[in-house]
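In what follows, a single structure is set out as C-alpha cells and then discussed.
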Amino acid sequence: MLKNQDWKPALIKKRAVLIGVLLIIANSYWLAYVEMLWHTAHLTHVNPSVNVVCAVLIITWLNIIIRRISPATALDQKDLITIYSMLAVGCAFSGHDCIPRLMGVIPYAFRFATPENDWEALLFRHLPDWLVVSDSKAVNDFFEGGVDFFTGGYIQYWIKPILSWSVVIFLLMFIFLLLTSLLRRQWVTQENLAYPTTQIPLEITGNAGNVFRNRVLWIGFSIAAGINIFNGIAFFFPFMPSIPVGSQGDGFDLTAHLTEKPWDALGNMPLRLHPYLIGLGFLLPLDLAFSCFFFYIVKKIQLIIGSMMGIVMLPGFPFSGEQGAGALLALLIATCWNGKKHFVIVICEVIRPTLKNKTNEPISYRWMIIALGISSLFLIGFCLKGGMSLWACMVFIIVYLLIVVGLTRMRAELGPPMHSIGFVTPQYLMISIFGARGLRASNLTLLSLMNWLSGAHYAAFRTHPMPEQMEAFKMADRAGIKNRTMLIVLVIACVVGIKSGLILYPYIIYREGIMAAADGAEQIHSGGLGTYTYLASGLVNPEATDWIALGVLSSTFTLNLGIMFLRARFVWCPLHPAGYVIGLAQGTSDEIWFPLLIAMTTKWLLLNRGGVKAYRRAVPFFIGLVLGEALIGCFWPMMSLFLRSTVYSWI
C-alpha cells in the first residue's frame with residue numbers, strides 16, 4: 001500500500017537488522033563456495049539475485065507461521081523489506097564478479113610470472129605493495145590450500161591489501177548511497193518510475209502473505225519448482241532425460257546450423273526457457289521489453305552486415321562498449337533534463353536549507369553534498385597514492401559514476417533481469433578515448449588493478465550495489481520505512497558485506513585451495529589473468545586513440561538523443577536508450593532475448609484480448625515462476641555444501 005510523506009512511518013524492529021546482518025555473513029560464506037571457488041551456480045548473475053529472493057521467501061513463510069502462533073512476535077512488511085534490502089546490498093560486491101575477482105588480482109602476478117611473459121621485469125616495479133601480496137609462501141599456499149589463514153601467519157601479508165581495498169569499497173558504497181539519496185526524490189516521488197523488480201519482494205511480504213492464497217501463483221510455482229527438481233535429480237542420474245531449458249548445455253540454438261557466411265557471424269541465439277527470467281520479463285513495461293528485443297535484432301543485423309562488408313575483422317567491431325556508452329550517455333542527459341527542477345531545488349537547499357526537506361530526506365542536501373565531496377577527495381587521495389595522475393583519476397571516477405548512475409536509471413525504468421553491459425567500463429572507454437600511449441605506466445597500473453570494480457570486461461556491471469540501494473528506497477517509500485532509517489541500515493549492510501567478504505573469502509581459499517577447486521575457480525583466475533594481461537598489453541603494445549570507436553560513440557549518442565526526443569513527442573514510440581544498451585550488450589541479450597520474447601508476447605496478448613483485468617489475474621502465475629525457480633534453484637547449490645560436489649544449476 002502506498003504511503004504518503006505526511007504519514008508517520010513506524011520504526012523497524014532491531015531483530016530485523018540482526019537477521020539481515022546474519023544473512024549477509026551466511027550468504028558471503030555460501031557464495032564463496034558456489035560462485036567463487038566451485039563456480040557451479042551463479043546466483044547473483046540475475047536481478048533480483050536468486051539467493052536474496054529465496055532467503056526472503058523462506059523468512060516470509062516462517063513469519064506467517066509465527067504470526068499465527070504469536071502475532072506480537074512476528075515481523076511486519078517493513079521488517080521483511082529491511083532484511084531484503086540489507087541482503088541485496090550486502091551481497092552485491094560479494095557476488096560473482098566483484099570480490100572473487102579481487103581475490104585473484106591480489107596475489108596472481110607473483111604466482112604466474114614466468115620468463116616467457118616477463119612480468120617480473122615488466123610489472124612488479126609498478127605494483128603498489130600495499131594493494132597486492134608478494135610473499136612467495138603466502139602466494140603459493142593461497143593456490144595450494146590446506147592451511148589456516150589466521151593461525152598460519154598469512155594475515156600479516158594480507159592485512160594491508162584488505163584494509164586498503166576495504167577503504168576503497170566503502171568509499172564507493174558510501175558515494176553510491178549519497179548519490180541515491182540525492183536522486184531518490186526525483187526518481188521515486190516526482191517521476192514515480194516503475195522499478196519492476198521491486199514487485200516481487202513487495203508482493204510476497206505484503207498483506208500478511210495473502211498472495212500465497214492465490215491458486216494461480218502455486219500453478220506457476222509448481223511448474224518452475226518441478227522443472228528444477230526433475231533436472232536436479234537427472235543431473236545425478238545421467239541415464240534420465242532432462243527438460244531442455246537451456247541449462248548445462250541442454251538447450252537449443254537457432255544458429256547452430258548456420259555455418260556459412262555471412263550467417264555464421266550471427267553467433268549464438270540460444271532458446272532459454274528459464275521460468276525465473278520469463279516471470280521477471282512479464283513484469284517489465286511492455287514498450288521497454290520490446291525495445292530490448294528490437295535492438296537485439298539490430299545487433300544481429302549489424303553482425304551480418306559487418307560480415308558481408310568485411311568490416312567484421314576491424315579491431316573492436318561491433319564496438320559494443322562504445323555503442324552502449326553512447327546510449328547510456330544519452331539516457332543520462334535526458335534524465336538530467338527531466339530532473340532539472342529537482343537539481344535547482346537541491347542547489348537552493350544547499351545554500352539555504354529548509355525544515356521540510358530536512359525531515360523528508362535521509363540527510364539534508366547540504367550534508368549530502370559535503371559528504372559526497374569529502375568521500376570523493378578521499379577516493380582521489382587513494383588514486384594519487386597508487387600512482388595515478390590527478391587528471392586520470394578524476395576522469396576515471398567521473399566516468400565510473402556516470403556509468404553506475406546510468407545503470408541504476410536502467411534498473412529503475414526497465415528492470416532487466418540481467419544487465420551485464422559488456423565493455424562499458426571506464427578502463428575500456430579511457431583507452432579508446434586517450435589511448436594507452438596517452439596514459440603513463442602508473443595510470444595504466446591502477447586502472448588495471450581496479451578493473452574488478454566493473455566485473456569482467458565482457459560482462460561488466462553484472463552485479464552492483466547502487467541499483468539495489470535505489471530500489472531499497474523505493475520499497476521503503478511503499479512499506480512506510482523512514483528514509484533515514486533505510487540509509488542507516490544500508491550503511492550497516494555495506495560494512496558487514498565488505499568485511500565478511502574480505503575476511504571469509506581468503507580464509508576459505510587458504511583452507512580449500514584453488515588448484516583443486518571444481519572448474520578451477522574461474523572468477524579468481526580470470527580476475528588475475530585479465531588484470532595483468534591487460535596491463536602488460538598496455539605497457540608493451542600501447543594503442544593510440546581509437547577514432548573509429550569515438551565516432552561510433554558519438555553517432556550512437558546522437559541516435560539515442562533522437563530516440564528520447566521521439567519518446568517525448570510521440571507516446572506510441574516504444575524505443576528507449578535503456579533497451580539499446582541491454583539489446584546490444586554482450587553477456588545479457590543472448591541470455592534473455594527468448595524469455596523476454598515469451599513474456600512480452602504473453603503480456604501483449606493478455607492486455608489486448610482480456611484487458612488489464614486479465615493481466616492482473618496472470619501476474620501471480622509469473623511471480624510463482626520466479627519463486628519456484630528461486631527456491632529450488634538455491635536448494636541444489638545449498639546441497640553442494642554438504643555433498644562437496646557439483647550439482648545442477650539453472651544459471
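The values are calculated or read from the model by the stated rules, or taken from the named source; none is laboratory data. Predicted, not measured: the structure shown is a model, and the values here were computed from it. As a convention, Cβ positions derive from the backbone with ideal geometry for all residues, glycine included, and neighbour counts pool all protein chains shown. For the accessible areas, the whole protein counts, side chains as well, though only heavy atoms, and no ligand, DNA or RNA atoms are used. Shrake-Rupley method; radii C 1.70, N 1.55, O 1.52, S 1.80 Å.
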Solvent accessible area, Å² - residue 67, 1.4 Å probe, full protein context: 70 Å²
Near-label residues of segment 467-504 by backbone N, under 16 Å of a point 7 Å along Cα→Cβ of residue 367: 482-492
Alpha carbon centroid spacing (whole Å) that separates segment 26-87 from segment 541-577: 39 Å
Partnerless Cys - the chain, beta-carbon criterion under 4.7 Å: 91, 98, 292, 336, 348, 494, 573
Charge tally in the Cβ shell below 9 Å around residue 272, where Lys, Arg are +1 and Asp, Glu are -1, residue 272 excluded: -2
Sites excluded, GluC sites (Glu not before Pro) in DSSP loops with at most 12 other C-beta within 10 Å, longest stretch of the chain: 261-651
Cross-link reach list, aspartates and glutamates versus residue 603, counting only Cα pairs under 14 Å and skipping chain neighbours closer than eight places: 287
Read-out volume of the Cα convex hull per residue in Å³, derived from the coordinates shown; its label in (i) 184; (ii) 170; (iii) 151: (ii)
Extreme residue, positive dipole direction of the chain, given options 168, 533, 286 (C-beta unit charges): 286
Accessible surface, 1.4 Å probe, highest first, among residues 348, 292: 348, 292
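How would 555, 49 rank on accessible area, largest to smallest, probe 1.4 Å?
555, 49
Can you tell me how much longer the chain between residue 440 and residue 253 gets when fully stretched, taken as 0.36 nm per residue apart minus their C-alpha distance, in nm with one decimal?
Here the segment from residue 440 to residue 253 would lengthen by 62.9 nm.
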Inter-label distance for residue 26 and residue 160, nm, one decimal - labels placed 7 Å from Cα along Cα-to-Cβ: 3.8 nm
Added length on full extension, which subtracts the Cα-Cα distance from 0.36 nm per residue, residue 548 to residue 390: 54.2 nm
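May I ask which of 340/613; 261/299; 474/499; 340/474 have a Cα-Cα span longer than 28 Å here?
Beyond 28 Å: 340/613.
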Most to least accessible of 602, 335 (protein chains only, probe 1.4 Å): 602, 335
Nearest-10 value in Å² for the accessible area of residue 607, using the 1.4 Å probe: 60 Å²
Residue-averaged [θ]222 nm for the chain, counting only DSSP H segments that reach four residues, each worth -39500 (n - 2.57): -21500 deg cm²/dmol
Charge sum, other residues only, whose C-beta stays under 15 Å from residue 136's C-beta, Lys/Arg counted +1 and Asp/Glu -1: -3
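Could you work out how much longer the chain between residue 301 and residue 338 gets when fully extended? Use 0.36 nm per residue separation minus the Cα distance between them, nm to one decimal.
Separation in residues times 0.36 nm, less the Cα-Cα distance, equals 10.1 nm.
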Solvent-accessible surface (1.4 angstrom probe) belonging to residue 458, in square angstrom, nearest 10: 90 Å²
